[in-house]
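Notes for the one structure printed next.
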Amino acid sequence: MQNYRANIMMCAGTGCVACNALKVKDALVDELKKQGLENEIQIVLTGCNGFCSNAPIMSVQPEGIFYQKLKIEDIPLIVEEHLLKGRPVEKLMYREPEAKTSVPLMNDIPFFKLQVLRALRNKGMIDPENIEDYISRDGYQGTAKALLELTPEEIIKIMKDSGLRGRGGAGFPTGLKWEFCSKVISDTKYILCNGDEGDPGAFMDRSVMEADPHVVLEGMIIAGKAIGATKGYIYVRAEYPLAVKRLQLAIDQAKEAGLLGDNILNSGFSLDIEIYLGSGAFVCGEETALMRSLEGKRGMPRPRPPFPAFKGLWDKPTVLNNVETYANVPQIIINGADWFKQLGTPKSTGTKVFALTGAINNIGLIEVPMGIPLRTVIFDIGGGIKKGRKYKAVQLGGPSGGCIPESLLDTPVDYESINATGAIVGSGGMVVMDDTNCMVNVAKFFLEFTADESCGKCPPCRIGTKVMLDKLIDITEGRGKESDIDLLLDLSHDIINTSLCGLGQTAPNPILTTIKYFKHEYESHIIDGWCKSGVCKELSTFYIDPELCKGCGLCLKACPKGAITGEKKQPHKIDNDLCIKCRSCYIACPAKFGALKIGPGNMFAQSKK
C-alpha cells in the first residue's frame, strides 16, 4: 500500500457535486501533476461531509485544515501555498459569522466541534466506494462478532439494553421489534431497510447511504441474524441515484469478500440483500405501505394489528428499520449497550442525526446527543439566524412535525420533550424560520404537501386534509372567518383520532402548533386583514417610512417593477398601483434602517375613502 504525505478528503456528496466539486477535483488532479505532487498527495472522494451551506468543501489530513466554497481558480493557490510551502490559505478557511475570524482546523469549527458522531462516524473520512476504507475503520467487526460470537438472543439483549429507538420517526424500541419477530415461527422472514426519505428539507438517510453504504449492510446483516431472516431489501427512492449506485457497489463488494450472501464468514448464516427502487410517494415511508409497494402493489397502508413483525412482506414476519437505525447497530454490537447509553437521556439514548436548514447560517447534516438543548443546535452549531434577523420558530419532524417558538428554545431535543411541545422528532428534519415568515402560510405550505401526498385510502385523511387546506387558503387570501380557527382545531383532532396511518395522524401538527403558539397571527389575518410578515399578498401593503428612510437606493434597485422612486439620500416612495408585493424591497432594506414597513392589505384603500 502506498503511503502519502497528505490526504485531501474532498466531499463528493450530492450537495457538493451540485456545486462543481468534481470539476474542482479535476483541477486539483491537474495541478498536483503540474507540480509533481501526484505521488505525495492523495485525493479521496468522500460522501457527504455535512457542511452543505459551504460547498464545495475539503479537508487536508492529517492536520485537518478545512477549506470551503472552493472554486477552480482557488486550486493553484492551495497547491502552491499549502501543499508545496506548508502555508495554509487563510482566505479559503471558515470564518466565524460574527467575529469574522478564520478557523483553520475542521474540528475547531463550532459546526463540527459540538457534534458527536456515531451513525455518521465515517462521513468525510472514507471513500464510500472502497470496502477497504470501511474495513480500516472497524468495518464488519460488528458483523463478525454478531455472527461468530453471539446468539440471536444475545444480539437482541444488547440492542434492548442499549435503548436504541427507531430513527425513522415513530421511535419504537429497536431491540423489542427484533425480539417480537425472532419469536415468530416461520419458514421465511424478511429484513427491510427504509431509505424512502420524502420529507421536504430532509437528507439524513440519503447522506448515510451515499457516505457509508457498508454500515447499512452491516446493520441489516446483524438484524437478519437476530430475527432469522435470509432475505433483505433496501427500499430507496429512485431520485437518489448516487445512493443507489454506492449501495449496489457495496453489495457487490461485500458479496465478493464473503461478507454477504451464502455462509457469511463461514458462520452458517446466509443473507441476500437487494435494492428496490421506490417511485417517490411520501406515504411509502409508512412501513405497511412500503411493504405493499415492494410486493408490486399500490403503496397504501393497512390497519395494524397484525404488526409486520408477525405478518409483513408477503404476509411473512418482517422487520423494517430506517437507514440511520441500522447505521447505529454495528457500533453498539462492538462497544456494548452501556457505551451507547453514555449519551442521551434515560428514555432517548444515544445520538440523533438532523438535517439543519432554513434561515440559519450553518446549513447541513449534524449528529448530536439526545437531550441537547434546541438553542445549542440552532445558535451554536447552526451559527444563529442569517443576516442577524430574529429567530421565530423551528419546524421539527418534517411536514408532519410542529413549529417550536422562541419561548421553548431551551427544550431538550429528545422524543418526550419534543412531543410535549406539539412537534415530533420524526426522521430529523429541522427547518429554522426567522421573523419574516408568516406562520399561517407555513402551516398552509406543509398541509399542501401532506394533502397532496395522502394516498386517499381513508376518508379522514383524504377529505379532512383537503378541507383544512381550503380553510387555510381562505385565511391567507382574506376570506377567513373567526370561526375558522375553532373549525381547524376540531378537524385536526378528528383527523388525528380517525386516520389509518401516521401520515393522517400527524398531518395536523403544523396547524395545531401554529395556532397554539402564533394564534395572534391567525387573528390578524382574519380580523385585521393584515399579514404582518408581508407574505400573504392580499393582506399586505408595503410602504416606506420617510422618517427612517436614508435614501440608500437598495429598495429601488431590488424592485422588479420600477414601483419605487426617489433621489439618493432622500426618502423614497412606493407606487402601490405598480407594486406586485414581491417583498424584494422589504428584504433589501437594511435592518439597521427598518424603513420598509408592512401595513394591512386595504391600508391605502381605506385612506382614499
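Of the residues making up the range 185-214, those that are over 13 Å from Leu247 (Cα atoms) and part of a loop (DSSP other than H, G, I, E, B) number 13.
Within the range 83-136, being open to solvent by 70 Å² or more (accessible area, probe 1.4 Å), within 25 Å of Tyr4 (Cα to Cα) and out of contact with any Leu (no Cβ under 8 Å at 6 or more places or on another chain) holds for Lys85, Arg87, Glu90, Asn107, Asp108, Met125, Glu132, Ile135, Ser136.
How many of the residues in the range 1-31 are open to solvent by 80 Å² or more (accessible area, probe 1.4 Å), at pLDDT below 95 and under 16 Å from Gln42 (Cβ atoms)? Within the range 1-31, residues that are open to solvent by 80 Å² or more (accessible area, probe 1.4 Å), at pLDDT below 95 and under 16 Å from Gln42 (Cβ atoms) number 4. Among the residues of the range 330-343, not a single one is more than 26 Å from Asp161 (Cβ to Cβ), out of contact with any Cys (no Cβ under 9 Å at 6 or more places or on another chain), outside any loop (DSSP other than H, G, I, E, B) and open to solvent by 10 Å² or more (accessible area, probe 1.4 Å).
Applying the criterion of at least 2 residues that are in contact with a strand residue (DSSP E or B) (Cβ under 6 Å, 6 or more places away or on another chain) and open to solvent by less than 20 Å² (accessible area, probe 1.4 Å) to the helices (runs of 4 or more DSSP H) found wholly in the range 441-538 leaves 509-523. Counting the residues of the range 224-236 that are touching a Cys at 6+ places or on another chain (Cβ under 9 Å), on the phi < 0 side of the Ramachandran plot and of a type outside the set (Phe, Trp, Tyr) gives 6.
Residues in the range 151-172 that are in contact with a Lys or Arg (Cβ under 8 Å, 6 or more places away or on another chain), part of a loop (DSSP other than H, G, I, E, B) and surrounded by fewer than 24 Cβ atoms within 10 Å (Cβ to Cβ): Gly163, Gly166, Gly171, Phe172.
Filtering Lys311, Lys347 for residues that are out of contact with any helix residue (DSSP H, G or I) (no Cβ under 8 Å at 6 or more places or on another chain), in a loop (DSSP other than H, G, I, E, B) and on the phi < 0 side of the Ramachandran plot leaves a single hit, Lys311. Identify, from the list Arg375, Arg389, the residue that is in contact with a strand residue (DSSP E or B) (Cβ under 7 Å, 6 or more places away or on another chain), under 23 Å from Glu96 (Cβ atoms) and either among the basic types (Lys, Arg) or open to solvent by 50 Å² or more (accessible area, probe 1.4 Å) (or both). Exactly one residue qualifies, and that residue is Arg389. Annotation: Ala27 fulfils all but one of (1) of a type in the set (Gly, Ala, Ser); (2) touching a Gly at 6+ places or on another chain (Cβ under 7 Å); (3) not in a loop (DSSP other than H, G, I, E, B); the unmet one is (2). Summed over the range 557-579, the residues that are open to solvent by 50 Å² or more (accessible area, probe 1.4 Å) and touching a residue at least 24 places away in the same chain (Cβ under 8 Å) give a count of 5.
Can you tell me which residue in the range 229-243 is farthest from Ser207 (Cα to Cα), limited to those that are open to solvent by 30 Å² or more (accessible area, probe 1.4 Å) and of a type outside the set (D, E, K, R)? Across the range 229-243, the extreme among qualifying residues is Thr230. Yes or no: Ala226 at pLDDT 95 or above and open to solvent by less than 10 Å² (accessible area, probe 1.4 Å)? Taking the combined requirement at face value, the residue satisfies it. What tally of residues in the range 580-609 results from selecting those that are more than 21 Å from Gly529 (Cα to Cα) and open to solvent by 60 Å² or more (accessible area, probe 1.4 Å)? Here the count works out to 3. Taken over the range 78-95, residues that are in contact (Cβ under 8 Å) with a residue 12 or more places away in the chain and under 30 Å from Ile360 (Cα atoms) amount to 7. Pairs are defined by a Cβ separation below 8 Å, a sequence spacing of at least 6 or placement on different chains, a first member in the range 516-544 that is over 22 Å from Leu489 (Cα atoms), and a second member that is basic (Lys, Arg) and outside any loop (DSSP other than H, G, I, E, B); the pairs so defined are Phe542/Lys597; Tyr543/Lys597; Ile544/Lys573; Ile544/Lys597.
Exactly one residue among Lys352, Lys386, Lys341 is in contact with a Lys or Arg (Cβ under 8 Å, 6 or more places away or on another chain) and in contact (Cβ under 8 Å) with a residue 12 or more places away in the chain, and that residue is Lys352. With respect to being modelled with pLDDT under 95, aliphatic (A, V, I, L, M) and over 23 Å from the mean Cα position of the chain (by Cα), Met93 falls outside the description.
Under the condition of being modelled with pLDDT under 90 and over 17 Å from Lys390 (Cα atoms), the residues counted in the range 562-609 number 8. Here Gly175 fits the description: of a type in the set (Gly, Ala, Ser) and either part of a helix (DSSP H, G or I) or under 21 Å from Thr357 (Cβ atoms) (or both). Scanning the range 415-439 for residues that are open to solvent by less than 10 Å² (accessible area, probe 1.4 Å), in a loop (DSSP other than H, G, I, E, B) and at pLDDT below 95 turns up Ala423, Val425, Gly426, Gly428. Those residues that are under 28 Å from Thr151 (Cβ atoms), outside any helix (DSSP H, G or I) and of a type in the set (Lys, Arg), I need them from the range 215-273; list them, please. Once the filter is applied, which keeps residues that are under 28 Å from Thr151 (Cβ atoms), outside any helix (DSSP H, G or I) and of a type in the set (Lys, Arg), the range 215-273 yields only Lys231.
Residues being closer than 24 Å to Gly426 by Cα, open to solvent by 10 Å² or more (accessible area, probe 1.4 Å), out of contact with any helix residue (DSSP H, G or I) (no Cβ under 7 Å at 6 or more places or on another chain) and assigned to a strand (DSSP E or B) are represented in the range 352-362 by at least one member. Checked against (1) farther than 30 Å from Ile424 by Cβ; (2) of a type outside the set (S, T, N, Q); (3) outside any loop (DSSP other than H, G, I, E, B), Lys561 meets all criteria but (3). Considering only the range 502-534, state which residues are within 23 Å of Ser454 (Cα to Cα) and touching a helix residue (DSSP H, G or I) at 6+ places or on another chain (Cβ under 7 Å). Of everything in the range 502-534, those that are within 23 Å of Ser454 (Cα to Cα) and touching a helix residue (DSSP H, G or I) at 6+ places or on another chain (Cβ under 7 Å) turn out to be Leu503, Gly504, Gln505, Thr506, Ala507, Pro508, Asn509, Pro510, Ile511, Leu512, Thr514, Ile515.
Scanning the range 274-292 for residues that are touching a strand residue (DSSP E or B) at 6+ places or on another chain (Cβ under 6 Å) and without any contact (Cβ under 8 Å) to a residue 60 or more places away in the chain yields Glu274, Ile275, Tyr276.
In this structure, is Asp494 among the charged types (D, E, K, R), in contact with a Pro (Cβ under 7 Å, 6 or more places away or on another chain) and at negative phi? Yes; evaluated as a whole, the condition is true for this residue.
The values are calculated or read from the model by the stated rules, or taken from the named source; none is laboratory data. Keep in mind that this is a model prediction, so the values were computed, not measured. Here Cβ is always computed from backbone atoms with ideal geometry, including for glycine, and neighbour counts include all displayed protein chains. Ligands, DNA and RNA are stripped out before the accessible areas are found, and what is left, the full protein with its side chains, is counted by its heavy atoms. Shrake-Rupley method; radii C 1.70, N 1.55, O 1.52, S 1.80 Å.
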